[in-house]
Every structure is written in C-alpha cells, then in structure tokens.
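The block underneath contains the structure these notes are about, expressed in structure tokens.
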Amino acid sequence: FERGAWFEDAAGEQFRSVKYKSLRYRYLSQAAASYLEFAEKYPDHALTEEALKRTAKLMEKDLGNRKKAVELYRHIAQAYATNDEAEKLAGKIKRLEKRIARDQKKKIKRTKKMKQEPRRVDVSVEDIGGMHAQVPVSGA
C-alpha cells in the first residue's frame, strides 16, 4: 500500500470516522471538565457564567448528558441570570426535560422489546438433504 492508501476503502473510512469521533468526544469531555474546574475555583469571576454556559451546551449538544445540562442551566438561572435570561433558560430547561422523558420512554420500549422471545429466522439448509430448520438469531 501507498502511504495513506488504506483509508481509501470503505472500512478505512469508517475506522477514520470512529477514531475522529472518539478523539472529539475525549477533547470535548476535557473541555467541559476544564470549564467546570474554572467555575468551581473562581465562582465570583466575570467569566464563570460563560464557563458554565459552555459546559452546559457541551453536555447538551455534544456529550449527550442532558441531565447534567439541565442541572447546569438551573444553576446558571438561579445564580447569574437576569429575569429575561432566566425566562429563556426556563424554556430551554423545559424543552430538555421533555426530551429526556421522551428518550427514557424510548429506552424502556427498547428494553422491553429486547426481553421478548428471541427472533427466529427460517433457514433452508440445502447441504444436509434439504431440511428446513428454525435458527435463533443471536443478539437479537
């Protein structure tokens, strides 16, 4: 292979995508941790509110931790926000809580579905005399 040529096939492209997402998640997690550390260390600093907002946004949009985002938005609304900002944050919190509830319902539904009897696939096996068998599908 030429240098870098192995990325040109579909599997290589998928590998690169997974690697990128993994690195991105790690860096975003580190950024969120750094913002939180700043906010804890300097609670009265002029940039603390901004650090908390950025952390909440990372949690909500990029890291998938909506519960932590709601917690941070509530803290910002109570500790830093003016009336107008608090109202906007209250709306955002309400939307996130609805989404969390909807996601929880989907998760419960998937869990129930997974606990049901395993699916079976009808397989015709030609090489053993044309017998017909039902084979359980693993992991389904």
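The values are calculated or read from the model by the stated rules, or taken from the named source; none is laboratory data. Bear in mind that the values here come from a model prediction, so they are computed numbers and not experimental data. With ideal geometry, Cβ positions are generated from the backbone for all residues, glycine too; neighbour counts draw on all protein chains shown. To get the accessible areas, we keep the full protein, side chains included, count just its heavy atoms, and leave off ligands, DNA and RNA. Shrake-Rupley method; radii C 1.70, N 1.55, O 1.52, S 1.80 Å.
The table below lists the values:
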quantity: Ranking by accessible area, most exposed first, for Met114, Met59 with a 1.4 Å probe; calculated: Met114, Met59
quantity: Nearest-0.05 FRET efficiency for Val18 and Arg74, computed from C-beta distance (R0 25 Å); calculated: 0.15
quantity: Linear extension gain, Asp44 paired with Tyr25, 0.36 nm per residue minus alpha-carbon span; calculated: 3.9 nm
quantity: At R0 = 35 Å, FRET efficiency that the Cβ-Cβ distance of Asp84 and Lys106 yields, to 0.05; calculated: 0.55
quantity: Long pairs among Lys68/Lys92; Lys68/Lys107; Lys21/Lys61; Lys67/Lys106; Lys41/Lys94, criterion Cα-Cα beyond 21 Å; calculated: Lys41/Lys94
